[in-house]
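Asker: Got a structure for you, questions after.
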Protein chains: 2
Amino acid sequence: MILRKDLLSRVERVFQRYGFDPIDTPALEYWETLAGKYGEEAENRLIWRFTDKWSGREYALRYDLTVPMARFVATHRDIPMPFKRYHIGPVWRHEEPQKGRYREFYQCDADIVGSPHPEADAEIVELVIDVIRELGFSSGFKVRLNDRRLLRGIFEEELGLGDAILPVYRAIDKLDKIGVEGVRGELLKLGLQDSTVDRIIDIISIQGDPGELLGEVARRYGGNKLVADAVKHLEGIIGLVDNSSVVVDLSLVRGLDYYTGPILEVVLDKPRIGSVAGGGRYDNLIGLFTSTQIPATGASIGIERIIDAGLELGLYTLKEKTVTEAMVVVLDKGAYSYAWRVARALRKAGVRTRIDLSMASPGVQRRKAQRLGIRLLVYVGAKEAEAGTATIYDTRTRERREARLEDAGRVAKEMLGT
Amino acid sequence: MILRKDLLSRVERVFQRYGFDPIDTPALEYWETLAGKYGEEAENRLIWRFTDKWSGREYALRYDLTVPMARFVATHRDIPMPFKRYHIGPVWRHEEPQKGRYREFYQCDADIVGSPHPEADAEIVELVIDVIRELGFSSGFKVRLNDRRLLRGIFEEELGLGDAILPVYRAIDKLDKIGVEGVRGELLKLGLQDSTVDRIIDIISIQGDPGELLGEVARRYGGNKLVADAVKHLEGIIGLVDNSSVVVDLSLVRGLDYYTGPILEVVLDKPRIGSVAGGGRYDNLIGLFTSTQIPATGASIGIERIIDAGLELGLYTLKEKTVTEAMVVVLDKGAYSYAWRVARALRKAGVRTRIDLSMASPGVQRRKAQRLGIRLLVYVGAKEAEAGTATIYDTRTRERREARLEDAGRVAKEMLGT
């Protein structure tokens, strides 16, 4: 939790720096609020859904933070637009728990509601890059960028795969994992014609920096309106963000039904644990809850995978066992109530302080403090009680200082350098 | 949320100052973990409980943070004792929503596990007083203190009300609300003998400062072992805490089944919205999950009622609409990508910054910033783009400063005084 809180507060700091404000929504939503938003797998298997015994109503634990936010915006139509909100909180999925898959995990979401412009998507991309950096991954990650309109325009309209498209998307989405030949095999298994498979492979193999790649796509399929719109939108994003970690990747699909425009995903070079952030534009979602379409775009960072990855890479450790800075060690039982006043003085000065609550011997008290890694030992015995002082020992620097009761807080803060 | 986050972080700061460390537990617990811990009303009505459609297992949303913590401690037997943890998070109750009663609300809990001593309870009392003060209630509140052993020793053993005790407790618990005569009426309605009712009323009417009151109780019922133990324990607490807001109140019962020793409750003088904090000692709860009894004591602060009360008293306001400090106002469309760099520079310096994402006119951008109460307006037009500068205007002081792009962050921080 100490590591986790540190990381979550770093994420929050970046969200705030980009001008996002916090909201919260309840864990429970009515089932009908979530129904039909996420696609088949979520709907039939992954959403924690239940019937309330008392009311007979169907409820569900929120599956992400985006749909609840859409409901929130739809029911608070007086919010000034663009509405930039962040939300850090748990979501629930009925997974078989395993590494990288959890039943309860935290999402850190930032969304911009009310702007249809590439500038909003660009801000989301830049924000995500900044968050990932602030979490300690200075490089060694890629932001994969695509657009649902490219997928629809090219594969559904130009290649005419409209009817059987979902398994095709599922196959090409695996490019990163199974390579070109793997994807070719999957597509052939679907019973597609060889020539169609060749065209699909050809498209998802287009390489180059974002500008070149988009140029090539425009040359080949620019006559398609969806493709032309998407290329222009993505060029707008790339033009502002201008960051070498961003790649356009035509094989990126992402699972959620509600995306309508640019989609993005952050993957680490190592370890290979799936995406650590993802997002995109969903211009039709809020309209499902109200009569007006309100465009929106955003991203979500998954802190559990970040922690798994950071621990594996040695960026993080779990060695910090307490946030406590000082332990008042009571040397004589008779000095306890004086020691209590010392603890009170330290706390008043803002020093995070423990005092013995087990009526233990001084040796045991000291060992307990050491085991937790508490830095300052504040010795209080008959001598200190008599003199109105405390003896503060810094286990890190081995410095030892006497302080009067009324100065103990200040002296401890000095020794801690805070 | 802005107010709420501020208040929760104040609570957290105090918890940490007292040497508590954070933990988190899942929202969902197996039903059997919660069953039999809270008493009849919770069990049969207030716990959100459901059968999982896929596994057939019974789950429940956590009802408080104490029972999950007890399960946690029982399953992590290597934790060094005393274990001082805090936990700030939502709990769920199947209430009819109304003022002061919510279906989802935050609890802020701090508990000390592993110490049977009054010193631990005293620390909890002092902590709670400090939290309430840090939340802005400098006086105007009372900490009511009682002990389950006093209730059991006096009413169940000495007065022999063992069998019919629950409705008696429910009646005397209302003393604060309905007064002595009200309680007398309720007790008579239960069919108790007049002389018994007189004795009950006599006991709960004992007045005086904590020391006097406990002395009187000891004189009358000190022969009872439960009473003698409780008086000694409470005297230990009072001796250390020594705070005029603490009263011993023999009519305090508290609803939860698991308390075994001292119990406490914080009530505000006004408004009358029920308790804003409560807690007590529960030495048998952890033993329900493991073979060893592990003593524990703690308290819980309810932030929603605190917010309701603070707003009513004018201690808090909801006027802050954003945490954003600066708005980059784009004066010429042609300067947008330069303005983007200005926003980037401000964010890099830690200034919480928005930039126009609606491609709106300068007037609209400015009005949006005003409506949110954003303090700094950072004007960027063709002139600034040409000169590599930004014009920063402080809406509070009306100061206006030119800054070079590379200094914009530093200048903005200076103007904000951060």
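Asker: Residue check, A:I112 against (1) facing another protein chain (nearest Cβ under 10 Å); (2) over 17 Å from A:L285 (Cα atoms); (3) not small (G, A, S), all met but one. Which one?
Answerer: The failed condition is (2).
Asker: Also, quick follow-up: Criterion first (more than 14 Å from chain B (Cβ to nearest Cβ) and buried (at least 22 other Cβ atoms within 10 Å of the Cβ)) does A:A299 satisfy it?
Answerer: yes
Asker: Can you pull out the residues in the range B:329-370 that are more than 11 Å from chain A (Cβ to nearest Cβ), hydrophobic (A, V, I, L, M, F, W, C) and under 14 Å from B:K383 (Cα atoms)?
Answerer: Residues satisfying the conditions are B:V329, B:L331, B:A335, B:V342.
Asker: Here is a follow-up. Which ones in the range B:70-128 are outside any helix (DSSP H, G or I), surrounded by 18 or more Cβ atoms within 10 Å (Cβ to Cβ), of a type in the set (D, E) and touching a helix residue (DSSP H, G or I) at 6+ places or on another chain (Cβ under 8 Å)?
Answerer: Selection gives B:D109, B:D111.
Asker: Moving on to the next point. Please go through the range A:301-351 and give me each residue that is part of a helix (DSSP H, G or I), under 24 Å from the mean Cα position of the chain (by Cα) and without any contact (Cβ under 8 Å) to a residue 40 or more places away in the chain, ordered by number.
Answerer: A:L311, the sole residue that qualifies.
Asker: I would also like to ask the following. Which of the residues spanning the range A:382-415 are small (G, A, S) and more than 44 Å from the chain's Cα centre (by Cα)?
Answerer: A:A382, A:A385, A:A387, A:G388, A:A390, A:A403
Asker: Which of the helices (runs of 4 or more DSSP H) found entirely inside the range A:145-233 contain at least 1 residues meeting this: assigned by TED's automatic domain parsing to the domain that holds A:S244 and without any contact (Cβ under 8 Å) to a residue 60 or more places away in the chain?
Answerer: Hits in the range A:145-233: A:165-172, A:175-189, A:194-204, A:210-221.
Asker: Identify, from the list B:M359, B:M415, the residue that is on the phi > 0 side of the Ramachandran plot and at pLDDT 95 or above.
Answerer: B:M359
Asker: For the range B:42-57, give me each residue that is in contact with an Asp or Glu (Cβ under 8 Å, 6 or more places away or on another chain) and surrounded by 15 or more Cβ atoms within 10 Å (Cβ to Cβ).
Answerer: Matches in the range B:42-57: B:L46, B:W48, B:R49, B:F50.
Asker: Within the range B:352-381, count every residue that is more than 17 Å from A:G19 (Cα to Cα) and either touching a residue at least 40 places away in the same chain (Cβ under 8 Å) or within 38 Å of the chain's Cα centre (by Cα) (or both).
Answerer: Residues meeting the conditions: 2.
Asker: Restricting to strands (runs of 3 or more DSSP E) lying wholly in the range A:1-66: which have 1 or more residues that are more than 12 Å from chain B (Cβ to nearest Cβ)?
Answerer: Once the strands (runs of 3 or more DSSP E) in the range A:1-66 are filtered for at least 1 residues that are more than 12 Å from chain B (Cβ to nearest Cβ), what remains is A:28-30.
The values are calculated or read from the model by the stated rules, or taken from the named source; none is laboratory data. Here the structure is a predicted model, which means the values were calculated and not measured. No Cβ is skipped: glycine too gets one built from the backbone with ideal geometry, and neighbour counts run over all protein chains shown.
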